[in-house]
Amino acid sequence: MSDFQDLICKLKKKNDSKIVLLVADGLGGLPLEPGGKTELETANTPNLDALAQRGTLGLSTPVLPGITPGSGPGHLGLFGYDPVKYQIGRGVLEALGIDFDLGPNDVAIRGNFCTLDDAGNIEDRRAGRIASEQAAPLCEKLDGIKIPGVEVFVRHVKEYRLVVVFRGEGLGGDVDDTDPQATGVPPLDPNPRNDAASKTVEVAKEFLKQARELLKDDRPANFLTLRGIAKRPAIPTYEEVYGLKTGAVAVYPMYRGLARLVGMDVLDAGQTLEDQCSRLEAAWNDYDFFFVHFKYTDSTGEDGNFDAKVQRIQELDAAIPRITALNPDVLIVTGDHSTPSKMRSHSWHPVPTLLAANNCRYDGSTEFSESACLRGGLGQFEAKYLMSLALANAGRLEKYGA
């Protein structure tokens with residue numbers, strides 16, 4: 001544990017309070033023009049605004065000022081783990097998200113099907129977001145790859161995403177991605193970041209060589225890139241650190257994997273936000289803490305679709321009454337990072353955060369927006385401290401010192 005988590009562990013106490021952390025992925029945004037409104041400020045959000053009037057607002061920094069986080073570090077910060085200390089490869093999260101049992105000799109990799117042109121350059125990094133029905137048979141084909149000295153597992157995740165696992169002695173996880181994060185250029189070669197990863201690089205190169213041959217006639221998914229090449233780390237659980245019995249209500253495998261990594265029970269969440277609310281209601285008496293994840297504020301931002309992101313925020317707002325009807329002692333609404341439609345990507349901008357609880361200090365806010373959060377009572381803070389605020393407002397921390 002970090003020193004901060006060690007302190008929280010010593011101060012934690014049990015009671016019957018309920019905490020809900022509602023994460024709208026990529027919630028923060030930017031105006032399209034100077035002086036304009038962000039997606040959150042444009043959206044009609046009467047329920048979130050009403051919640052803001054009985055809560056306190058602020059802006060959370062996912063990692064450190066100026067650092068653009070991936071979804072893994074962004075969520076780890078919200079969960080109270082220092083995202084600089086705990087670096088989790090995306091492959092591990094994807095594998096855990098589909099219930100793949102990672103062992104000590106496993107290296108997990110997130111794969112993306114992609115489209116190569118005749119020159120071998122990437123034409124589409126996501127293979128046109130092919131449907132799961134098209135991608136799953138391709139994963140079965142790749143699962144037949146044989147490499148001496150290691151076992152190879154390939155599992156479909158969702159749409160163009162897949163998991164690759166290499167199992168064998170002497171494999172290290174510190175390997176660079178092969179996705180150049182651009183089109184019009186060829187995929188990168190896997191490169192080791194240290195000597196321990198040299199064997200993994202050789203295995204990855206052979207895997208990619210065989211994959212290119214197997215997929216050559218399967219356009220648009222005629223190749224794949226490898227990302228988040230890593231081994232599973234040791235990390236303390238929510239129960240150990242916070243004394244909380246936790247349930248995760250997330251649809252996408254990666255976020256289910258994040259939850260499982262920190263010891264949350266991953267609940268069947270269905271496919272829609274309405275399904276997620278129903279699952280939350282059904283499990284309400286079984287857990288102390290709930291992590292509820294909403295993906296589509298992020299994906300619409302990455303697509304550069306300002307209006308669609310506004311609509312998704314309004315969809316989120318419409319679900320708030322079902323959550324507040326359960327009377328959680330603490331309800332937090334925030335994001336793991338900002339994804340401005342203007343930028344079509346994650347960004348470093350602090351994330352709007354709303355904390356509503358009977359014991360919070362109301363700050364006079366009348367709406368939930370970036371501008372209101374800038375003036376809110378929580379100020380600007382590192383996201384890793386959000387859990388201590390949640391526990392304090394839930395009456396789950398003892399006094400520190402005499």
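Taken together, the values in this text are just the output of simple stated rules run on the coordinates, not laboratory data. Computed from a prediction, not measured in an experiment: that's the story for all the values here. Heads up, the Cβs are rebuilt from the backbone with ideal geometry, glycines too, and the neighbour counts pull from every protein chain shown.
For this structure, a couple of remarks:
- Straight-distance crosslink candidates among lysines, where the alpha carbon sits under 18 Å from K199 and sequence neighbours closer than 8 are dropped: K146, K209, K231
- Relative contact order %, segment 165-284, counting alpha carbon pairs below 8 Å whose residues are six or more apart: 19 percent
- Packing rank of 160-173, 94-107, 266-279, where each peptide gets the mean count of other beta carbons within 10 Å, highest leading: 160-173, 94-107, 266-279
- Rg/Rh ratio calculated on Cα atoms of segment 1-113 (Kirkwood radius): 1.03
- Antiparallel bridges, percent of DSSP beta bridges restricted to the chain (to nearest 5): 65 percent
- Between the amide H of D124 and those of T115, distances stay under 5 Å, these residues lying 5 or more places away or on another chain, with hydrogens modeled in the peptide plane.
- Long pairs among K85/K205; K12/K245; K245/K399, criterion Cα-Cα beyond 18 Å: K85/K205; K245/K399
- Rg ratio (alpha-carbon, reference 2.2 N^0.38 Å) - segment 264-314: 1.37
- Burial order of peptide ranges 9-19, 378-388, 349-359 (average beta-carbon count within 10 Å, highest first): 349-359, 378-388, 9-19
- Of interest is the spacing of the C-alpha centroids, which for segment 82-128 and segment 205-255 amounts to 5 Å.
- Over all projection directions, the Cα-based convex hull of segment 239-279 averages an area of 2.8 nm².
- Along segment 139-154 the Karplus relation, 6.51 cos²θ - 1.76 cosθ + 1.60 evaluated at θ = phi - 60°, assigns HN-Hα couplings of 5, 4, 5, 5, 5, x, 5, 10, 9, x, x, 9, 9, 10, 10, 10 Hz to successive residues, with x for each Gly and Pro.
- Put a dot 7 Å past the Cα of L326, heading toward its Cβ, do the same for M343, and the two dots end up 3.1 nm apart.
- Under 5 Å, built H, 5+ apart or other chain: amide partners of S338: G28, S347, H349
- Taken one residue at a time, the phi angles of segment 119-124 give Karplus couplings (6.51, -1.76, 1.60, θ = phi - 60°) of 8, x, 8, 6, 9, 9 Hz. Gly and Pro are set to x.
- Compared with the alpha-carbon gap, the fully stretched path from R219 to R193 is longer by 6.2 nm at 0.36 nm per residue.
- q = 0.09, 0.14, 0.21 Å⁻¹, segment 255-402: log10 I(q)/I(0) [Debye, one scatterer per Cα]: -0.32, -0.80, -1.70
- Across segment 87-189, the fraction of Cα-Cα pairs farther apart than 17 Å, rounded to a whole number, is 56%.
- Estimated inter-spin distance, N359 and E33, nm [label 7 Å along Cα→Cβ]: 4.8 nm
- Taking 29 Å as the straight-line reach from the Cα of K342, the lysines in range (excluding those fewer than 8 positions away in the same chain) are K37, K158, K295, K309, K384.
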